[in-house]
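The values are calculated or read from the model by the stated rules, or taken from the named source; none is laboratory data. Keep in mind that what you see is a predicted model, and the values were worked out from it rather than measured. Counting neighbours? That spans all protein chains shown, and the Cβs are built from the backbone with ideal geometry, glycine included. The area values use the complete protein model at the heavy-atom level, side chains included, leaving out ligands, DNA and RNA. Shrake-Rupley method; radii C 1.70, N 1.55, O 1.52, S 1.80 Å.
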Amino acid sequence: METPYNPQSIEQNAQHFWAKNHCFNVHETTDKPKFYCLSMFPYPSGRLHMGHVRNYTIGDVIARYQRMLGKNVLQPIGWDAFGLPAENAAIAHRIPPAEWTTKNIAYMRTQLTRLGFAYDFDREIATNNPSYYRWEQWFFLQLYAKGLVYKKNAAVNWDPVDQTILANEQVVNGRGWRSGALVERREIPQWFLRITAYADALLNDLNQLEHWPEQVKTMQRNWIGRSVGAQISFQTDAGDAITIFTTRPDTVCGATYLALAPEHPVAKKAAQNQPALQTFLDECRNVKVAEAELATLPKKGMPTGFMAIHPMTQAAIPIWVANFVVLEYGSGAVMAVPAHDQRDFEFAKQYAIPLKPVILPQDGRTWDYTEKAFTEPGQLIHSDPFNGLDSATACNAIIDYLEARQQGKREINYRLRDWSISRQRYWGTPIPIINCPHCGPVPAKDLPVVLPENVQFEGVISPLKSIQAFFHTTCPHCGIAATRETDTFDTFFESSWYYARFACYNQEQAMLDKRADYWVPVDQYIGGIEHAVMHLLYARFMHKLMRDEGLLHSDEPFTRLLTQGMVLNQGIKMSKSKGNTVDPQSLIEQYGADTVRLFIIFAAPPDQSLEWSDSGVEGSHRFLKRLWAFACEYQTTICDENDHPRATWENGNSEQRDTLRQLYEILAQAQYDYDRLQFNTVVSGSMKLFNLLAKIATTENDKKFHAFILQHGTSILLRLLAPIAPHITHQLWQDLHYPGHILDAAWPETQAHYLKTEEIELVVQINGKLRSRIRVPSDAETKTIENIAMEDAKVKQTIALKKVKKIITVPGRLVNFVVEEK
């Protein structure tokens with residue numbers, strides 16, 4: 001073995017061996033249980049950051065450990081290659097996005113390889129490859145034929161910087177999730193997928209996901225937002241009917257106005273003869289539509305001049321337009337009850353609209369309705385004929401009343417809205433639609449509709465309309481001149497089914513084949529909590545669509561989910577804008593990949609934030625150097641013992657057996673920690689085991705048995721560390737003459753009889769006071785224990801000449817002598 005520790009040489013040799021022997025390429029087999037381990041694939045931005053390194057290291061540790069358990073492990077990698085960052089970078093650098101992306105993929109692939117990740121690179125996919133997006137175009141056409149795809153004019157979230165619309169999920173605190181620009185409201189034509197048709201399935205099937213973090217499931221439940229209530233119809237003096245949805249029909253008699261979204265048809269009708277109202281509607285187009293923003297938005301409104309007839313009281317109540325009502329939520333109209341809804345209360349106070357209390361607190365409290373809305377359930381008043389009912393009873397009674405008069409009905413409503421998949425940018429999958437007055441979809445035989453890659457940009461506007469060969473075409477159905485759709489798919493469309501395509505990566509005749517049923521669902525999925533609503537919800541939806549198309553036969557895509565914590569530096573998330581990033585490449589060059597991997601795993605549990613520490617990296621490197629030096633020093637002893645094993649558990653003395661027990665206790669704990677994904681404690685256990693072996697190596701007593709312990713213990717130590725530091729363990733396994741390669745080595749078996757303690761320590765008390773401690777055989781009977789306690793010198797001295805009234809023995813814990821006091 002060469003000294004000192006040279007990680008660059010060691011890691012290069014190991015990676016060459018893995019590549020030459022295709023060690024991580026797997027196929028479907030029935031002789032082993034399968035295990036599909038997948039980390040959320042990266043966007044090819046050009047360089048890996050520490051968040052990438054942590055995510056993929058965690059995934060690799062899981063994959064390698066499961067392989068040691070004897071499973072057929074698939075761990076693929078690919079590239080989420082479409083999207084605005086590449087397009088914006090290409091505009092800035094004046095090169096086509098395809099060229100920019102290809103270069104970045106090549107560089108990042110080299111970085112992934114250098115980190116030693118056990119990927120089946122034969123399955124590598126990039127979403128910008130026509131062989132990939134052809135099938136999502138095909139699938140879009142299947143959904144179109146089923147009525148699950150439609151196009152309509154709708155109010156949208158418009159990102160003025162990226163010049164494209166955003167789904168509601170892509171608006172974070174009123175800003176675009178990528179650009180950070182304040183989002184505006186516009187109305188434009190766009191394509192939708194009917195995710196709302198699967199709202200109940202998406203909600204109910206969360207109960208199947210017992211190995212998902214509760215936080216993620218709660219976020220999805222809240223986003224789907226199922227609520228039970230009533231749809232109520234208000235007739236207007238304008239000849240229209242306005243329908244509202246409310247979860248509090250018990251408050252209906254307290255409604256003193258209706259509030260409409262600026263885009264509501266009745267609002268537009270009212271503005272036809274009111275220039276001031278039309279101006280207000282125009283101003284509302286720039287209102288941010290994220291719900292978080294609506295909650296804190298300064299409330300503005302104008303009366304329409306129309307009145308609504310209350311369906312129960314027959315009173316005329318005013319109809320207003322309000323900037324906090326959004327057309328895409330509910331019906332775009334709100335039954336405002338200012339005495340019992342704080343937002344309605346604030347608006348009513350601002351515009352001097354009356355309020356009418358109809359709910360009393362049930363606990364006898366008094367309430368000043370002029371100061372704050374009372375929003376809790378209670379007892380009804382001013383709601384004849386329902387006065388005196390509690391809120392729960394009144395809700396059902398009022399709905400029955402409205403249904404009988406055809407003025408309302410029970411209804412389940414959802415916060416979830418259909419998925420807007422249109423994007424007005426270039427670098428994405430073309431939507432396979434021909435703009436023909438008579439026809440529409442591109443025939444399946446003409447797929448893929450290939451995105452032109454050699455393009456020139458002028459600003460951020462998509463160049464597709466200016467590319468004549470792409471934009472102008474002939475309708476394949478009726479033969480007239482037509483144009484292609486120039487919107488592209490939301491990139492979440494590509495990432496919502498990639499996990500299944502990995503199973504069928506080389507299938508050219510279909511989207512998926514039977515291999516998908518072998519591998520899917522993914523057994524372990526790893527990614528950030530920030531994807532809890534967008535990516536994970538869309539992937540679950542797409543999985544159910546593929547299931548219903550007969551492409552898959554499972555209900556959910558991911559059995560287990562791990563959301564890894566962030567990488568922090570100086571207490572805040574690493575980011576270029578904060579100037580606190582650490583370059584993984586420079587660390588690899590300085591310390592080697594194993595050091596980086598070891599630190600990433602050791603610094604924190606996977607699901608918690610990791611605080612960056614230069615000293616922590618140094619400490620990880622020192623440990624690997626010590627391990628290497630130890631193996632060099634005792635190579636002969638270990639190798640000789642491998643060739644001629646001479647000692648066993650049976651011929652060891654009590655001290656030696658105690659050492660073996662410690663070794664197997666560490667092993668048992670490590671397996672427990674691997675299984676529960678607490679890898680940081682696996683590292684600390686490995687360090688403890690190393691210290692135990694180092695101590696044994698310097699002991700002069702019984703060298704034969706110690707040689708056995710060194711050989712056996714080092715074998716276990718290397719296997720504990722192999723998933724985390726695969727290069728150094730690969731080399732040491734060979735140099736120490738262990739059989740085969742560590743990549744094929746099985747996880748060491750825990751020997752139950754090694755864990756059994758031969759002696760245990762008991763407390764000895766006299767009249768309840770601690771007097772001594774004794775060691776007894778672990779299987780000793782009560783009489784034996786009492787005799788040993790009686791012979792203890794301290795006990796003898798204390799009870800001399802005293803009468804022992806009784807002896808109380810608690811197995812495994814204590815012996816208490818009850819004696820007469822003089």
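Once the 1.4 Å probe is applied to the protein heavy atoms, the stretch 251-391 comes out at 44 Å² accessible per residue.
Near Ser233: Cβ cut-off under 14 Å, other residues only, Lys/Arg at +1 and Asp/Glu at -1. The net charge is 0. Computed over protein heavy atoms with a 1.4 angstrom probe, the accessible surface ordering of Leu552, Leu389, largest first, is Leu389, Leu552. Mean sequence separation of contacting Cα pairs (under 8 Å, at least six apart), scaled by the length of the stretch 65-153, corresponds to a relative contact order of 36 percent.
Taking a sphere under 12 Å around the Cβ of Leu360 and counting the other residues whose Cβ falls inside, with K and R at +1 and D and E at -1, yields a net charge of -3. Anisotropy class assigned to the stretch 555-599 is oblate, per the alpha carbon gyration tensor with a/c at or over the 1.5 cut-off and a/b no larger than b/c.
Each part reduced to its alpha carbon centroid, the stretch 223-286 and the stretch 761-787 end up 80 Å apart.
Grab the DSSP H runs of the chain that are 4 residues or longer, score each as -39,500 (n - 2.57), total them, divide by all residues and round the 222 nm result to the nearest 500 deg cm²/dmol. Walk me through the intermediate numbers first.
Details: 28 runs with 310 residues, N = 822.
Per the formula, -11500 deg cm²/dmol.
3J(HN,Hα) along the stretch 255-267: 5, 10, 6, 10, 10, 10, 5, x, 8, 4, x, 5, 5 Hz, from the Karplus curve 6.51 cos²θ - 1.76 cosθ + 1.60 with θ = phi - 60°, whole Hz, x for Gly and Pro.
Shape class of the stretch 300-391 from the alpha-carbon gyration tensor: prolate, with a/c at 1.5 or above and a/b greater than b/c. For the stretch 726-810, the set of GluC sites (Glu not before Pro) satisfying both a DSSP loop assignment and a count of at most 10 other C-beta atoms within 10 Å is given as Glu749, Glu791. On a per residue basis, the stretch 709-801 carries 48 Å² of accessible surface, using protein heavy atoms and a 1.4 Å probe.
Protein heavy-atom accessible surface, 1.4 Å probe, per residue over the stretch 37-168: 30 Å². Loop-located GluC sites (Glu not before Pro) in the stretch 482-586 (DSSP state not H, G, I, E or B) with no more than 15 neighbouring Cβ atoms inside 10 Å: Glu508, Glu549. These residues, His438, His211, go from largest to smallest accessible area, 1.4 Å probe, as His438, His211.
Taking the Cβ of Ile785 as the centre, find all other residues whose Cβ is under 13 Å away and add up their charges (Lys, Arg: +1; Asp, Glu: -1). Charge balance near Ile785 sits at -3. In straight-distance terms, cross-link reach from Lys269 covers every one of the lysines whose alpha-carbon lies under 28 Å from its own, apart from those fewer than eight places away in the same chain; here that gives Lys151, Lys152, Lys288, Lys299, Lys300, Lys349, Lys409. The antiparallel fraction among DSSP beta bridges confined to the chain stands at about 75%. For the chain, the fraction of 1.4 Å probe accessible surface lying on carbon and sulfur atoms is 49 percent.
Looking at the chain, do any whole DSSP H helices span at least 18 angstrom along their long axis by alpha carbon and average 0.5 or above on Kyte-Doolittle, and which? Could the numbers behind the result be given before it?
Values: long enough: 7-20 (19 Å, -1.21); 50-68 (27 Å, -0.44); 97-114 (25 Å, -0.90); 130-145 (22 Å, -0.51); 391-404 (19 Å, 0.66); 534-548 (21 Å, -0.16); 614-633 (29 Å, -0.32); 654-675 (31 Å, -1.20); 679-697 (27 Å, 0.94); 703-721 (26 Å, 0.59).
Passing helices, by number: 391-404, 679-697, 703-721.
Taking packing as the residue-averaged number of other Cβ atoms within 10 angstrom, the listed peptides 500-507, 272-279, 612-619 run from highest to lowest as 500-507, 612-619, 272-279. Under the classification rounded if a/c is under 1.5, otherwise prolate if a/b is larger than b/c and oblate if not, where does the stretch 214-280 fall, given a ≥ b ≥ c as square roots of the Cα gyration tensor eigenvalues? Oblate is the answer for the stretch 214-280, as a/c is 1.5 or above yet b/c matches or exceeds a/b.
Dipole of the chain computed with +1 at Lys/Arg Cβ and -1 at Asp/Glu Cβ about the Cα centre; of Ser772, Ser462, Ala90, farthest Cα towards the positive end is Ser772. Restricting the stretch 81-118 to trypsin sites (Lys or Arg not before Pro) that sit in a DSSP loop and have at most 12 other Cβ atoms within 10 Å of their own Cβ leaves Arg94.
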